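K.L.:
A single structure is presented below for examination.
The values are calculated or read from the model by the stated rules, or taken from the named source; none is laboratory data. Here the structure is a predicted model, which means the values were calculated and not measured. Heads up, the Cβs are rebuilt from the backbone with ideal geometry, glycines too, and the neighbour counts pull from every protein chain shown. Note: accessible area is taken over every heavy atom of the protein model, side chains too, but ligands, DNA and RNA are not part of it. Shrake-Rupley method; radii C 1.70, N 1.55, O 1.52, S 1.80 Å.
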Amino acid sequence: MTVKQRLQTIQQHIAEACEKTGRNASDVQIVAVTKYVSIARAKEAIEAGIVHLGESRADGFLHKYEAIGKKATWHFIGTLQSRKVKQIIDDVDYIHSLDRLSLAEEIDKRANRTIKCFVQVNVSGEQSKHGLAPEDVLPFIETLSAFSRIQVVGLMTMAPYTDDEATIRRCFRTLRELKERVQEKQLPYAPCTQLSMGMSNDYVIAVEEGATFLRLGTCLVGEEEVE
């Protein structure tokens with residue numbers, strides 16, 4: 001299948017999930033995760049109508065950005081080392097993995113404009129996953145008032161990789177409830193209106209639970225052997 005054909009199938013699934021839950025499908029954005037595919041495949045995604053591209057490594061991001069540039073809105077979705085911030089900060093539009101003060105300090109220091117950030121939350125508590133514990137999210141976001149170049153647009157999480165739908169749904173619901181608690185604070189630098197959650201195996205559940213950004217790799221652009 002082509003990327004365009006896959007996208008049409010995904011959009012149909014999103015539309016059905018939104019109809020089921022009374023949401024507007026236009027409120028759900030698809031981020032094509034291009035980490036495991038070539039520049040040609042990333043360009044195919046853009047030609048199919050994808051606006052948002054996501055990379056999780058600084059070198060991969062820079063490689064794709066050099067070829068594609070401003071034809072896409074760029075999302076950095078992986079763990080970001082503080083020392084790598086300066087390499088990507090001028091070109092990235094969203095960072096999905098803000099999870100510590102040292103990273104916030106580096107973003108604020110290196111950026112020459114406001115950077116839209118998602119605070120990463122480890123809702124599942126799995127040791128293999130990065131992110132803040134849910135109870136630490138509000139205190140962390142309150143400390144970000146000191147950084148004028150960071151805007152907390154929302155929260156991000158990864159659900160456990162499991163066939164247990166109840167576990168996945170609980171994870172996404174917890175993140176949505178946490179987002180609502182942040183919104184109640186009405187912090188000018190943290191509107192926190194967005195939810196980055198849902199990947200190839202669980203995006204329909206994520207949409208039903210309120211996701212506004214889906215990070216889709218395999219089910220949308222597939223996988224290729226890339227260096």
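K.L.:
Mind grabbing the accessible area of THR162 for me, 1.4 Å probe, Å², rounded to tens?
P.N.:
Counting only protein heavy atoms, the figure is 50 Å².
K.L.:
Can you give the calculated 222 nm mean residue ellipticity of the chain, where each DSSP H run of n ≥ 4 adds -39,500 (n - 2.57) and the sum is split over every residue, rounded to the nearest 500 deg cm²/dmol? Could you put the intermediate results ahead of the total?
P.N.:
Numbers: 9 runs with 93 residues, N = 227.
Taken over the chain, the calculation gives -12000 deg cm²/dmol.
K.L.:
Now, a different point. I need to check one value: relative contact order of segment 107-152, counting alpha carbon pairs closer than 8 Å and at least 6 residues apart, in percent.
P.N.:
Numbers: 47 pairs, mean separation 23.9, N = 46.
Over segment 107-152, the number comes to 52 percent.
K.L.:
Okay, next question. Taking all protein chains together and a probe of 1.4 Å, list ASP202, ASP93, ASP164 from the most accessible to the least accessible. Please report the intermediate quantities before stating the final value.
P.N.:
Working: ASP202 10, ASP93 40, ASP164 70 Å².
If we order ASP202, ASP93, ASP164 from most to least accessible, we get ASP164, ASP93, ASP202.
K.L.:
On to the next question. Spelling out what I want: for every residue of segment 55-62, take phi, set θ = phi - 60°, compute 6.51 cos²θ - 1.76 cosθ + 1.60 (Karplus), and round to whole Hz; glycine and proline get x.
P.N.:
The phi angles translate into 10, 10, 10, 4, 5, x, 4, 5 Hz.
K.L.:
With a 1.4 Å probe and every protein chain left in place, tell me how much accessible area ILE168 has, in Å² to the nearest 10.
P.N.:
Accessible area, nearest 10 Å²: 10 Å².
K.L.:
Taking the Cα atoms of segment 65-156, report the difference between the largest and smallest coordinate on each principal axis, in whole Å and largest first.
P.N.:
39, 28, 22
K.L.:
In terms of solvent-accessible area of protein heavy atoms at a 1.4 angstrom probe, what is the ranking of SER97, SER145, highest value first?
P.N.:
Details: SER97 0, SER145 75 Å².
Result, largest first: SER145, SER97.
K.L.:
HN-Hα J couplings of segment 99-106 from phi, Karplus 6.51/-1.76/1.60, θ = phi - 60°, integer Hz, Gly and Pro as x?
P.N.:
Running phi through 6.51 cos²θ - 1.76 cosθ + 1.60 with θ = phi - 60° gives 9, 7, 5, 4, 6, 4, 4, 5 Hz.
K.L.:
Ok, one more. Starting from the amide H of GLN120, placed 1.01 Å from N in the peptide plane, find each other amide H under 5 Å away whose residue is 5 or more places distant or on another chain.
P.N.:
LEU98, ASP99, LEU132, MET156
K.L.:
Taking the Cα-to-Cβ direction at ALA40 and at ALA67 and moving 7 Å from each Cα, how far apart do the two end points lie in nm?
P.N.:
For ALA40 paired with ALA67, the spin-label model returns 0.9 nm.
K.L.:
Okay, moving on. Can you give me the Cα centroid spacing of segment 191-227 and segment 63-120 in angstrom?
P.N.:
First find each Cα centre; the distance between them is then 19 Å.
K.L.:
Rounded to two decimals, what is the ratio between the C-alpha radius of gyration of segment 33-97 and 2.2 N^0.38 Å? Let's see the in-between values first.
P.N.:
Numbers: Rg = 10.9 Å, N = 65, 2.2 N^0.38 = 10.7 Å.
Cα Rg divided by the expected 2.2 N^0.38 Å: 1.01.
K.L.:
Provide the per residue accessible area, probe 1.4 Å, for the chain, rounded to a whole number of square angstrom.
P.N.:
Working: 10830 Å² over 227 residues.
Ligands and nucleic acids excluded, the result is 48 Å² per residue.
K.L.:
Can you pull the accessible area of LYS185 for me, 1.4 Å probe, Å² to the nearest 10?
P.N.:
Accessible area of LYS185: about 100 Å².
K.L.:
So what are segment 1-44's ellipsoid semi-axes, whole angstrom, largest first, if each one is the square root of 5 times an eigenvalue of the alpha-carbon gyration tensor? Please report the intermediate quantities before stating the final value.
P.N.:
Details: eigenvalues 125, 24, 9 Å².
Sorted largest first and rounded, they come to 25, 11, 7 Å.
K.L.:
Can you give the Rg to Rh ratio of segment 174-224, both from alpha-carbon atoms, with Rh computed by the Kirkwood formula? Could you put the intermediate results ahead of the total?
P.N.:
Working: Rg = 13.5 Å, Rh = 12.1 Å.
Reported Rg/Rh, Kirkwood definition of Rh: 1.12.
K.L.:
I need the peptides 119-125, 154-160, 103-109 ranked by packing, meaning the mean over residues of other C-beta atoms within 10 angstrom, with the highest value on top. Could the numbers behind the result be given before it?
P.N.:
Values: 119-125: 22.6, 154-160: 24.4, 103-109: 18.7.
Most protected by this proxy first, the peptides run 154-160, 119-125, 103-109.
K.L.:
Sorted by accessible area with a 1.4 angstrom probe, largest first, how do TYR94, TYR36 fall? Walk me through the intermediate numbers first.
P.N.:
Values: TYR94 30, TYR36 120 Å².
Ranking TYR94, TYR36 by accessible area, largest first, yields TYR36, TYR94.
K.L.:
Additional query: Jot down the radius of gyration and Dmax of segment 3-216, Cα atoms only, both in angstrom.
P.N.:
16.5, 46
K.L.:
Could you work out the relative contact order of the chain? I mean the mean sequence separation of Cα pairs under 8 Å and 6+ apart, divided by the number of residues, in percent. Don't skip to the answer; put the middle values down first.
P.N.:
Numbers: 431 pairs, mean separation 50.1, N = 227.
Answer for the chain is 22 percent.
K.L.:
Next question. What full-extension length gain, to one decimal in nm, is calculated for ALA166 and ASP59 as 0.36 nm per residue of separation minus the Cα-Cα distance? Working shown, then result.
P.N.:
Working: separation 107, 0.36 × 107 = 38.52 nm, distance 3.66 nm.
My answer for the length gained is 34.9 nm.
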